[in-house]
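J.: Just dropping this structure here.
The values are calculated or read from the model by the stated rules, or taken from the named source; none is laboratory data. Since the structure is predicted, the reported quantities are computational estimates derived from the model, not experimental observations. Each accessible area value is taken on the protein alone, full model and side chains, heavy atoms only, with ligands, DNA and RNA left out. Shrake-Rupley method; radii C 1.70, N 1.55, O 1.52, S 1.80 Å.
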Amino acid sequence: MAAVEDYSEAYAGEHGRFAVIPAAYVVLRRGDEVLLQRRSGTGYYDGYWAAGAAGHVEQGESMLAAAAREALEELGVHVEVHDLATLTVMHRTGGTGAAIDERLDVFFACTRWTGDPALQEDKASDLRWFALDALPDQVVPHEVAVLEAWRDGTLQPVTVFGF
């Protein structure tokens, strides 16, 4: 195995600096239904429906570990990483040019978990199952793009949003 080397400050300066914020999304699925939560008090699309569990990957944490952690923290369910099926990797931007607007979102589907899903945090006001062909009107835009493409059989392994 090759030695691990850090990027030098000079290398980073020559190749530009920007941040890409990684996030994991877990969509629990039972039959043709998906579990969505209504966002509340976050300052980002409050009142809109979103994946049952989602959040940023913490430093030193793998994407899969983040997905399992978010499912436990937000829904109170235990998810094994081998039960997570990758739906798509989304490179997303809001187009502002701000570093916080550069996102890499990995969406996972999960059909097996332990426990009964229930809201665990005050960042959501409701939790409901919706048929993929009867999604609510207000779903976070980049998330509804994934859910509709999944439903329609057109979801690609890598997607872009906002470019």
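J.: In whole percent, and with a 1.4 Å probe on the protein chains, what portion of the accessible area of the chain is carbon and sulfur? Write down the numbers at each step before the final one.
T.: On the way: 4740 of 9320 Å².
Carbon-and-sulfur percentage of accessible area, whole number: 51.
J.: Could you give the accessible area per residue of the chain, probe 1.4 Å, as a whole number in Å²? Don't skip to the end; give the middle numbers.
T.: Details: 9320 Å² over 163 residues.
Per residue, the chain has an accessible area of 57 Å².
J.: Run lengths n ≥ 4 of DSSP H only: what is the helix-derived mean residue ellipticity at 222 nm for the chain, with -39500 (n - 2.57) per run over all residues, to the nearest 500?
T.: On the way: 3 runs with 31 residues, N = 163.
About -5500 deg cm²/dmol.
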